[in-house]
Each structure stands twice: as C-alpha cells, then as structure tokens.
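Working notes for the structure below.
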Amino acid sequence: GTVVAAGPKAKFKIGSKVTGMIGAQTYTKDKSSAFFPYFKFPFMKLSDGLGLMGLTTGLTAYVGVHYVSRRPTRGETVVVTAAAGSVGSVASQLAKSTGARVIGVAGGAKKCKYLLEDLHLDGAIDYKRSDETFEQQLDLLCPNGIDFIYDNVGGAILDSLLNKINPKG
C-alpha cells in the first residue's frame, strides 16, 4: 500500500510504501503499528510483491526450500503437500530446480494432472483417491523413503510422511 494520509506522530510519511494485513481494498485506516516498511528487491517490480515474491507465496516457498533447514540435493526425494496451491506449486518447482525427485500431494485428479503435466513433477499423490490409500500411493512413489518434506497442511498427512522420512531427512 501507499500512505495517502498521516497524522503528525505517524511512523510513516505520505507516499511511503508499506505492507501488512491491509486486505484487497482501495483504502484502509489503521494505526501505523499495523504496517511495516515494504522491502523491495532491486530486480523486482513493486507489483511482484503481490504475487510470486509476495510474503505469502514465492518468498515463503523460496525460504522454506533453500534456508529453513537444508536445501534438497540432486537425487533426493522431496514431497510437497498442497503442491497445487500457491506456495506449494512454487516450492515444488524450486525443489525440482535442485535436481531432486519431487512428489506433490494434492486433492483430486485435476490437481494431480496439473502437478504432472504442467509442473512436471515426478509423481503426484491424490489424498482424495478412493481406490488407494494415501499410504499405498506414498509407498509406490517413495519406495526408498523421503529425504525432504515441504509441508503446508500438517495433521495425518504429515504424520504419514514422517513415518517414511529417511535418517537425516
């Protein structure tokens, strides 16, 4: 957002670029403590912060794949949950760029088709499938275990993945 009005004690001056829980609206009125200075990467347009490099999509995926614990390496098996979602789809592609074998988890045949045909992942698990359990699909696609998990959902799905994680994974 851009500050269009500010009181005399405001943290930000008129014209300052800010970020925060502003919402998708034309104007918002809040205390300056609800906002943060907008951090712009030198190679990005300002509008890129709304999409791929936004805090809730691309930047989250990038940091999760490359900096949170360790980076996946060539030949390792990575499983990404909610892989057809905004963060998961970016995380899947970033993991794929490391040379890892990437398996995506999504709900529904259409989403799994997207993971395989559009994102070119190495496999897709449909947790909504009725003819095979999640664990059966996981065993088929990850016969040698999992080396890296990028989890967006938690719960029973994460529990199943952790049961197949390799040492030092």
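The values are calculated or read from the model by the stated rules, or taken from the named source; none is laboratory data. Small disclaimer: the values here were computed from a predicted structure and weren't measured. Using ideal geometry, Cβ is built from the backbone for each residue, glycine included, and neighbour counts are taken over all protein chains shown. We work out accessible area using only protein heavy atoms, side chains counted, and drop any ligands, DNA or RNA first. Shrake-Rupley method; radii C 1.70, N 1.55, O 1.52, S 1.80 Å.
Look through region 74-88, keep the residues that are part of a helix (DSSP H, G or I) and either free of Cβ contacts under 8 Å to residues at least 12 places away in the same chain or in contact with a helix residue (DSSP H, G or I) (Cβ under 8 Å, 6 or more places away or on another chain) (or both), and return whichever of them is surrounded by the most Cβ atoms within 10 Å (Cβ to Cβ).
GLY88
Table: residues versus (1) part of a helix (DSSP H, G or I); (2) surrounded by fewer than 19 Cβ atoms within 10 Å (Cβ to Cβ); (3) β-branched (Val, Ile, Thr).
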position: LEU94; (1), (2), (3): yes, no, no
position: VAL105; (1), (2), (3): no, no, yes
position: LYS110; (1), (2), (3): yes, yes, no
position: LYS113; (1), (2), (3): yes, yes, no
position: GLU132; (1), (2), (3): no, yes, no
position: LEU138; (1), (2), (3): yes, no, no
position: VAL153; (1), (2), (3): no, yes, yes
position: ILE157; (1), (2), (3): yes, no, yes
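Can PRO8 be described as modelled with pLDDT of 85 or more, open to solvent by 80 Å² or more (accessible area, probe 1.4 Å), farther than 30 Å from GLY169 by Cα and part of a loop (DSSP other than H, G, I, E, B)?
yes
Could you tell me whether any residue of region 89-112 is of a type in the set (Gly, Ala, Ser), over 26 Å from ILE165 (Cβ atoms) and either in contact with a helix residue (DSSP H, G or I) (Cβ under 6 Å, 6 or more places away or on another chain) or at pLDDT 80 or above (or both)? Break it down into steps so the answer makes sense when it comes.
Let us first name the residues in region 89-112 that are of a type in the set (Gly, Ala, Ser), namely 89, 91-92, 95, 97, 99-100, 104, 106-109.
From the residues that got through so far, the ones that are over 26 Å from ILE165 (Cβ atoms) too are 109.
Add one more test, that the residue is either in contact with a helix residue (DSSP H, G or I) (Cβ under 6 Å, 6 or more places away or on another chain) or at pLDDT 80 or above (or both), and what stays is 109.
Within region 89-112 (the criterion being of a type in the set (Gly, Ala, Ser), over 26 Å from ILE165 (Cβ atoms) and either in contact with a helix residue (DSSP H, G or I) (Cβ under 6 Å, 6 or more places away or on another chain) or at pLDDT 80 or above (or both)), the answer is yes, since at least one residue qualifies.
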